[in-house]
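Participant: Sharing a structure, written as structure tokens. Questions coming.
The values are calculated or read from the model by the stated rules, or taken from the named source; none is laboratory data. Bear in mind the structure is a predicted one, so any value in this text is a computation, not a measurement. For neighbour counting, all protein chains shown are included, and Cβ atoms are generated from backbone atoms with ideal geometry for every residue, glycine included.
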Amino acid sequence: VAILAEGFCRFQGRVCCVVAGVGEDPSRCYGCGVMVDVRAAQGRPAGRLPVQQARPVGLPGVLRLLAMAYATALNHMALSFGCLFLVQAFHGGREMKAPSGTQGEDGIHGFLEATQLLLGNLLVPFSRVMAAAAVPTKTIGLQVLGFWLPALLGFFICTTAMLGHLTLKFRRAVFVLPYISLAVVLLMWQLELSKVLRQMAVSEDLAALDKVSKADGHQDVQYAMFKAPYEAFLAVYSDQGCNTTLPSNIDAAAWVECQEDSLEGKVIQFAVANFCRPYPEATTVEVEDFGRRVQACCSQGKRAKILPDMIRPQEEVFCRCRTAIFDLCRFVAQWVMVLWCSMLLGICTVLYFAVEPNLVKMDQVQRIEVVGFLVVGAVLLVSRLTIFADYLSEDVGEL
């Protein structure tokens, strides 16, 4: 171990400093530093035995290297994720070009609506009143959802990632403070998103509404989550003049043809053919379960007086898409907290490297107290949101 430690120090162009005092092992390496041979100053023969020196502070060399690599990789991953939204916005903008006479005006209104929508979503974890005031009340257009919202969200994520890189590089307050502010907002928004996904994942079955009257059902969250998407889907489906050909097997894709050559019609055709079906790797049991849930959606929708008594092809297509969306919500809800914990660890790592120069100036006791408080706080926060989430969860109506 001593040979490896000395070799690592020599690789950095420094020497392995050990404590050569009474009771200390002279072959033990405590870190790298500059060797001062006091024996030559005392008139004794100079040698390679290291002298007593203060132990280095901070993380050990290998652990520090791994922490730096993890923080850098996390910022790179966030930057790539933000670039995906920007690419999506670029392709969406190409498909939704407005006429030359109205492009500028529509662009300004779309930018303002997307800004209000994103700001309202980011404010939900902090103040629901402010979030409700920020979100636009009128119906959001496809141009906002397809171009402006992905562009602003991608810019927000890319800005946070770039500030993380600059914090690791320069470790100055001008980069640290904006990075921590944006990172906290991003973490809180992701936490709120995980709550919504968990709530949606258990809201598929409408059997509980069988005992609820229609007047009371309008106040139910599950009722609204069924009715609002169905009415929006039916409106777009009718406006585009779409017709559906249902397959004989539930694992095959339905075929939708729309008379209007618009983006909405293309989105419906693509989603129904590629998304609203069991995923290709699904087993026979999973395919049968998908078909059973589609039939349950149709029957429960009729009993709740949302779907018509005679199920048409468009209603079955809607139930196919609804079932696929709940499958996606369950999958994302399982992994979103893993991503959240990894982001929290990466942000704490970036924060540690930002304050590392100040930690070096502290004595050992103060340094242990500061780092220990950070570690214990992070562990308690992660435990609260993962292990004890079911025991300390908020009221369902609050979600």
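Participant: Could you run through segment 269-290 and say how many residues are assigned to a helix (DSSP H, G or I) and closer than 17 Å to Thr244 by Cβ?
Facilitator: Kept after step one, since they are assigned to a helix (DSSP H, G or I), are these residues of segment 269-290: 269-274, 284-290.
Cutting the leftovers down to closer than 17 Å to Thr244 by Cβ gives us 269-274.
Here the count works out to 6.
Participant: Give Val336, Val370 a once-over and let me know the one that is modelled with pLDDT under 85 and not hydroxyl-bearing (Ser, Thr, Tyr).
Facilitator: When all the criteria are applied, what remains is Val370.
Participant: Which one is nearest to Thr244 (Cα to Cα) among residues in segment 302-314 that are in contact with a Lys or Arg (Cβ under 9 Å, 6 or more places away or on another chain) and surrounded by 15 or more Cβ atoms within 10 Å (Cβ to Cβ)?
Facilitator: So the residue we want is Ile311.
Participant: If you go through segment 302-347, how many residues are closer than 30 Å to Arg384 by Cβ and among the hydrophobic types (A, V, I, L, M, F, W, C)? Please lay out each step first, then the result.
Facilitator: Of segment 302-347, the ones closer than 30 Å to Arg384 by Cβ are 325-347.
Cutting the leftovers down to among the hydrophobic types (A, V, I, L, M, F, W, C) gives us 325-326, 328-329, 331-333, 335-341, 343-345, 347.
Adding up the residues that qualify gives 18.
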